[in-house]
Amino acid sequence: MSVDAVVVGSGPNGLVAAIELARAGRRVLLLEAAERFGGGLRSAELTLPGRVHDLGATVMAMALASPAMRGLGLEGRGPGQVEFVHPGVAAAHPLDDRPAVLVHRDAGRTREGLGADGAVWDATAGAAARAGFPLVDLLVKPLGPWRPDPRAFAAAARFGVAAALPATTFARRALRTVEGRAVFAGMAAHSVLDLRSPITTGYGLLLASLAHLVGWPLVKGGSQVLADALVARLRELGGEAVTGHRVRRLDELTGLGAETIVLDVTPRRFLEMAELPARYRRRLERYRYGPGVFKLDWALDGPVPWRDPAVAAAGTVHLGGTLEEIALSEAEVAAGRHSPRPYVLLTQPYAADPTRGGHTLWAYCHVPNGSPVDMTGAIEAQIERYAPGFRDRVLARHAMGPADLEAWNPNLVGGDIGGGLAGLRQFVNRPVWSPAPWRTPLPGVFLCSASTPPGGAVHGMGGWQAARLATRG
C-alpha cells in the first residue's frame, strides 16, 4: 500500500486532520489502536445491557462552534445520522438553601434569573455570545491564521480584559450575589485549574457564552455516532480507516511512502515513538500534565430526585456549592490533595436524549494526576447533598480512575482529560513555544492532539491546524 498521508489516532483532532488532508486531495490512511474509532468520542454499554454511556465527551458545544467542525456539515451524516439535541436547560447549579441557578440558551432569560448580577453576565458572557463565531474563531486559533475582522479583534480585546483574571478575582469584583458567583465558579472550574490562577475567567466566560451562542447539545444516541460520522466522511473522500492497528514507532510507517504523518498523541507518547533532536526532546520532557479525573457512570431506575425540580431539565449540572467551596476544592487538587467535598461535573443525557436505553448518568471530580484514590463516596455524597435519595435510584455503577482512563485512552496521561495543564504558560506554549507548534522538527511530521493549541474539547482544531500546515508545505 502507498499513501500520501498517515494519521495516527482517531480522536476528534485526528479525524478532522484526516478529513482535511483528504479534502486537499491526499490519499489518507487513518490508523487507530483501539477496536473502535473516536478516542474521547467513544460510547459503550458500561453498566447494564442496552444502556449507552459516553466514555468521554458528552456535551458538544465546541463541535457546533469551532471553525473546524462547522464546515463539515455533519448533521444527518454517518451510519447513525448525526443529530444534535438540546436539553431544556443548558446547565444548572444547585445551592443548599436557595433555588438552583439556571443557564439557559436564551441569554435574556439567564440574565433575569441572576437578578442583581444579570447585567454583569450580559455584559461579559452575553456580549461574547453576541460577538458570534468571529470571536470564537479568534479564541480557538490563538496563533492564526486569521482573516482580518476589526469587529472580532475589538470583541476579543474586550473579552481579554476580563479573561486574563483569576476566576476568584473576577467573581469577587464583578459579581455581588451568592448565585452569580457560584454559577460562574462552576463554569470556570471546567479549566481544571486552581481558580486563583490567571485566565481561569476566560475559560468560564467562553463556556458560558457558548451556552447562548450554540447551546450545550448532545449527540442523539451517544457520542460514538459523531465519531462514526467523521469516519464515514473520510471514507466518502476516498480515505481509508483501520482499527486495531497500534503504531509504536514512526519507522513502522516507512514502507507506506507517506510524505505527511499527523499524530494525535501526547508529547509523552511522541517521545516514545521517535528519535528527536535533543533540544526539542528536552522541551517536550518539560511539558506538564494537569490533574486527573475520577469518573462514575450509573444506570438509574428513574431520574435523579433533585431537591429543586428545575435541575431535572439540565443536560449539565455543576455540584460544589458556593464560589468559596469550589475554589477551595480546586485549590486542594492543584496542591496534590483530594478534596472531601469535590467540585463535581455531572451530565444527565436523558434530559435531552431518551434513546440511550434508560436513565443513564455520569459524573467526575478532579483528583491529583495518577491518583489511586476511589472517590465514589465523595462524588455520591455531593449528589445526595442536592438530590436526597439518589443512591436508592442506582441499579448499577461503573468507576474509572486515572489509571483506568489512561488504559482506555493513552492520551489521558494520569487521567488528564485535557491533554496537559491548561494554565497560562501552556496556553500557547503547547507543547512548545513556536509560531506553528503543530509542526515538529521531523520533516513532514505533525502533532495534532489536545496537547497542541487550543487544547482540550471536541473542536478538531489541532487536527485542522496540523492539516493546513501539511497541505501548505
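The values are calculated or read from the model by the stated rules, or taken from the named source; none is laboratory data. As the structure is a computational prediction, the values presented were derived from the model and not from experiment. Note: ideal-geometry Cβ built from the backbone for every residue, glycine included; neighbour counts use all protein chains shown. Ligands, DNA and RNA are stripped out before the accessible areas are found, and what is left, the full protein with its side chains, is counted by its heavy atoms. Shrake-Rupley method; radii C 1.70, N 1.55, O 1.52, S 1.80 Å.
Here is how the numbers come out for the structure above:
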{"read-out": "Of residues in the range 448-473 being closer than 28 Å to Thr201 by Cβ and among the aliphatic types (A, V, I, L, M), the one least open to solvent (accessible area, probe 1.4 Å)", "value": "Met461"}
{"read-out": "Residue within the range 321-338 that is under 17 Å from Ser449 (Cβ atoms), of a type in the set (Ser, Thr, Tyr) and open to solvent by 10 Å² or more (accessible area, probe 1.4 Å) present", "value": "no"}
{"read-out": "Qualifying residue in the range 202-213 (condition: at pLDDT 95 or above and in a loop (DSSP other than H, G, I, E, B))", "value": "no"}
{"read-out": "Which listed residue, of Arg288, Arg268, Arg282, is part of a loop (DSSP other than H, G, I, E, B), basic (Lys, Arg) and at pLDDT 95 or above", "value": "Arg288"}
{"read-out": "Leading residue by the ranking (surrounded by the most Cβ atoms within 10 Å (Cβ to Cβ)) among those in the range 47-62 that are aliphatic (A, V, I, L, M) and within 30 Å of Met187 (Cβ to Cβ)", "value": "Val59"}
{"read-out": "Test set (1) surrounded by 13 or more Cβ atoms within 10 Å (Cβ to Cβ); (2) modelled with pLDDT of 95 or more - Asp137 fails condition number", "value": "(2)"}
{"read-out": "Count of the range 22-46 residues which are in a loop (DSSP other than H, G, I, E, B), open to solvent by 30 Å² or more (accessible area, probe 1.4 Å) and within 30 Å of Thr360 (Cβ to Cβ)", "value": "5"}
{"read-out": "Matching residues, the range 319-361, being among the charged types (D, E, K, R) and touching a residue at least 12 places away in the same chain (Cβ under 8 Å)", "value": "Glu325, Glu330, Arg337, Arg341, Asp353, Arg356"}
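Residues are listed down the side, and each one gets a yes or a no for (1) under 27 Å from Ala162 (Cα atoms); (2) open to solvent by less than 20 Å² (accessible area, probe 1.4 Å):
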| position | (1), (2) |
| --- | --- |
| Leu64 | yes, no |
| Leu74 | no, yes |
| Phe84 | no, no |
| Gly88 | no, no |
| Ala92 | yes, yes |
| Asp96 | no, no |
| Arg105 | yes, no |
| Arg109 | yes, no |
| Leu114 | yes, yes |
